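Participant: I'd like to ask some things about the structure below.
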Amino acid sequence: MGKITGFKEYKRQNFSIAPVEERIKHNNEFVIPANKNAMEIQGARCMDCGVPFCHSNYGCPVGNNIPQFNDHIYKNKWENAFRTLMSTNNFPEFTGRVCPAPCETACVLGLNNDAVTIKGIEYSIIEMAYKKGWMKPQVPKIRSGKKVAVVGSGPAGLSVASQLNKAGHEVTIYERDKRIGGLVRYGIPNYKLDKKKVVQRRIDMMVEEGIKFVTNAHIGIDIPLKKLQDEYDSVVLCGGASLPRDLPIDNRDAKGIHFAMEFLAQCNSRIEGENIPKEKEILATDKHIVVIGGGDTGSDCVGNSIRQGAASITQIELMPKAPLERTDAMPWPTYPRVFKLSTSQQEGCDMDFNILSKSFIKDENGNVKGLNCVKIEWGDKGFSEIKGTEFTLKADLIFLAMGFMGPEQTGMIEELKLDTDARSNIETNNYKTSVEGVFSAGDMRRGQSLVVWAIYEGRECAIAVDEFLSNKKTMLNARSKSLYEN
């Protein structure tokens, strides 16, 4: 819990951020962590709150024992803090960078003060562990003889694989792309999460632990899912919710209109040295960019466009601008949907809310040249257009960042005729699909969500798979914890 009076004595200290004019010149991480002593002081701010909502259902999805690792940090017991953190979170190097930190918005201190810097402490713990050599491969001493195939190498797939490997099962992950990581590899910009220094570092360690990876393997399309069923004792589907929401308005066929993930994936591939064929290049350099969608994905399009030297960037959103503070509709300790500029938006873009896209504009060669819009107002029965507010945005490239509709229905779902729910996600009962021996976790099961929720899903699914394979109550949680606490 830190120092009893620490929250009274010390102020919150956030990590520093490189100036805009410097960070937009490169694609590297630009957050500057605080030093060891500063983080120990921040750990002291964790108060004796009685009921720590930070690791309840309102806070951390994976249930990190936050008061305990804060206390260890305050007392300069960094290795103990690391072992506590790793007992619940497989990939704190990911969450410490890209998680929106619901733990902090549920922090009791945050009721009338600045919350504890939990995310910063988590980041500092795992990076210290790598530096000191505490973070090392955990190879199971005994193998069960059971084999599991995991389809999809995003955070859910990596998490379930990591847990099942610890339980002694032989795990192979199949990934349709060239590189491992799914969303964290191809979706999240490199300036938020470095792929070579952070993601690949963790993948390499998983290889040392005995997990096998097969890339360029599109299960359900190039390789029948039935083949995996025949070769493995169990199959876990973690293919994500990759079906983007489209915008079927006039001139949708114009060249230069792309789903956000097409652009983001290409940006990350280019940074990692992949050669993008010229006819498939999506570059924002010297172009007028319009991003439709005001969420994180749209914001990532903004940040990458800035770094590529766009002539102008406009981000529009159908919904109203969120309030600046909590309202009665979002009481503490629930996660508040309040307005906050992302670091990318701070770097420079025009933003507008309550904007309806009416039609795309294309030239005689079929290239997009603009977007016809109108302002709207919201009421109890939806929205209505405001007469006389029509306007046009100039655009050479338009990115559709309006969220995702669920998992792709062709391929694996179609092949096995898996049951799906009302939102088209794979329907499960304790992570079991409608087909014996086939499980599912992550966005493919729950819909588009956070990286930390995907990690939680993977961990929970691994328990169900282990019980299925061993035909008895699992000891997986105890095993995974003991690897770091012995």
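Participant: Could you please report the charge total around SER357, scoring K, R as +1 and D, E as -1 over all other residues with beta-carbon less than 13 angstrom from its beta-carbon?
Facilitator: Working: positive: ARG245, ARG252, LYS358, LYS375; negative: ASP246, ASP250, GLU317, ASP352, GLU385, GLU390.
Taking every other residue near SER357 into account, the sum is -2.
Participant: Normalised by the empirical 2.2 N^0.38 Å for globular proteins, what value does the Cα Rg of the range 51-168 take? Present the calculation step by step, with values, prior to reporting the outcome.
Facilitator: Numbers: Rg = 15.7 Å, N = 118, 2.2 N^0.38 = 13.5 Å.
That ratio works out to 1.16.
Participant: Per residue of the range 260-276, in order, report the coupling 6.51 cos²θ - 1.76 cosθ + 1.60 (Karplus, θ = phi - 60°) as ³J(HN,Hα) in whole Hz, putting x for Gly and Pro.
Facilitator: 4, 5, 4, 6, 5, 4, 5, 4, 5, 4, 5, 4, 7, x, 6, 8, 9
Participant: Enumerate the calculated ³J(HN,Hα) couplings along the range 426-432 in order (Karplus 6.51 cos²θ - 1.76 cosθ + 1.60, θ = phi - 60°), each rounded to whole Hz, writing x wherever the residue is Gly or Pro.
Facilitator: Computed from phi, the couplings for the range 426-432 are 5, 8, 9, 10, 6, 6, 8 Hz.
Participant: Going by how many other Cβ atoms sit within 10 Å of their own, how do ASP204, ASP194, ASP380, ASP114 line up, fewest first?
Facilitator: Working: ASP204 12, ASP194 18, ASP380 4, ASP114 15.
Starting with the residue having the fewest Cβ neighbours, the order is ASP380, ASP204, ASP114, ASP194.
Participant: If you build the Cα gyration tensor of the chain and take the root of 5 times each eigenvalue, what three semi-axes come out, in whole angstrom, biggest first? Kindly include the intermediate steps, with their values, before the conclusion.
Facilitator: On the way: eigenvalues 265, 184, 91 Å².
With the √(5λ) rule applied to the chain, the semi-axes are 36, 30, 21 Å.
Participant: Given the peptides 417-430, 235-248, arrange them by the average over their residues of other C-beta atoms within 10 Å, most packed first. Don't skip to the answer; put the middle values down first.
Facilitator: Working: 417-430: 15.0, 235-248: 21.4.
Packing order, densest peptide first, comes out as 235-248, 417-430.
Participant: Anything over 24 Å Cα to Cα? Flag those among LYS255/LYS287; LYS119/LYS212; LYS340/LYS362, in the order listed.
Facilitator: Details: LYS255/LYS287 14 Å; LYS119/LYS212 31 Å; LYS340/LYS362 34 Å.
Table pairs above 24 Å Cα-Cα are LYS119/LYS212; LYS340/LYS362.
Participant: Treating the range 246-402 as a set of equal point scatterers at the Cα positions, no solvent, please give the Debye-formula log₁₀ I(q)/I(0) at q = 0.08, 0.11, 0.17, 0.20 Å⁻¹.
Facilitator: Ignoring solvent entirely, the Cα scatterers give -0.26, -0.47, -1.03, -1.31.
Participant: Per DSSP helix of 4 or more residues, -39500 (n - 2.57); summed, then divided by the residues of the chain. What does that give at 222 nm, rounded to the nearest 500?
Facilitator: On the way: 18 runs with 155 residues, N = 486.
Here the helix-only value at 222 nm equals -9000 deg cm²/dmol.
Participant: Return the long-range amide H neighbours of PHE439 (sequence gap of 5 or more, or a different chain), with a cut-off of under 5 Å between placed amide H atoms.
Facilitator: For PHE439, whose amide H was placed from the backbone, the distant partners under 5 Å are VAL235, VAL236, LEU237, THR433.
Participant: Dipole magnitude of the chain about its Cα centre, charges +1 at Lys/Arg Cβ and -1 at Asp/Glu Cβ only, in debye to the nearest 20? Numbers along the way, then the final one.
Facilitator: Working: 63 positive and 61 negative charges, 293 e Å.
Around 1400 debye, computed over the chain.
Participant: While we're on this one: Measure out, as a whole number of angstrom, how far apart the alpha-carbon centroids of the range 138-164 and the range 396-430 sit.
Facilitator: Result: 24 Å between the Cα centres.
Participant: Another question, then. At a 10 Å Cβ-Cβ cut-off, how would you order TRP134, TRP78, TRP378, fewest neighbours first?
Facilitator: Numbers: TRP134 16, TRP78 22, TRP378 12.
Ranked by crowding around the Cβ, least crowded first: TRP378, TRP134, TRP78.
Participant: Non-local amide H neighbours of ILE223 (under 5 Å, H modeled in plane, Pro and chain starts lacking H): which ones?
Facilitator: HIS218
Participant: Principal axes first, then extents: for the Cα atoms of the range 341-457, list largest minus smallest coordinate on each axis, whole Å, largest first.
Facilitator: Cα extents, longest axis first: 57, 36, 36 Å.
Participant: While we're here: Can you put GLU279, GLU408, GLU325 in order of Cβ neighbours within 10 angstrom, beginning with the fewest?
Facilitator: Final ranking by Cβ density, sparse to dense: GLU279, GLU325, GLU408.
Participant: Follow-up question, since we're still on this one. Can you check what the net charge comes to around ASN268, using other residues whose Cβ is under 13 Å from the Cβ of ASN268 (Lys, Arg +1; Asp, Glu -1)?
Facilitator: Working: positive: LYS178, ARG179, ARG185, LYS192, LYS195, LYS196, ARG270, ARG307; negative: ASP177, ASP194, GLU262, GLU272, GLU274, ASP300.
Around ASN268, the charge tally is +2.
Participant: Got a sec to turn the phi values of the range 225-232 into Karplus ³J(HN,Hα) couplings, 6.51 cos²θ - 1.76 cosθ + 1.60 with θ = phi - 60°, whole Hz, x for Gly and Pro?
Facilitator: Using θ = phi - 60°, the values come out as 4, 4, 4, 5, 4, 6, 8, 10 Hz.
Participant: Which percent, nearest 5, of DSSP beta bridges in the chain are antiparallel?
Facilitator: On the way: 22 of 56 bridges.
Approximately 40 percent, going by the DSSP bridge assignments.
Participant: By the scheme Lys and Arg +1, Asp and Glu -1, what is the net charge of all other residues having a beta-carbon under 11 Å from that of GLY239?
Facilitator: The answer is -1.
Participant: Which whole-number percent gives the relative contact order of the range 3-94, counting Cα pairs below 8 Å spaced six or more residues apart? Show your work: numbers first, answer last.
Facilitator: Working: 101 pairs, mean separation 24.7, N = 92.
After rounding, I find 27 percent.
Participant: Give me the Kirkwood hydrodynamic radius of the range 231-296 in Å, from all C-alpha pairs, to one decimal place? Could the numbers behind the result be given before it?
Facilitator: Working: mean 1/r = 0.0665 Å⁻¹.
Taking the inverse mean of 1/r over all distinct Cα pairs, the range 231-296 comes out at 15.0 Å.
The numbers here are math on the coordinates, done by the rules we state, and not lab data. Keep in mind the model is a prediction, meaning the values are calculated, not measured. Here Cβ is always computed from backbone atoms with ideal geometry, including for glycine, and neighbour counts include all displayed protein chains.
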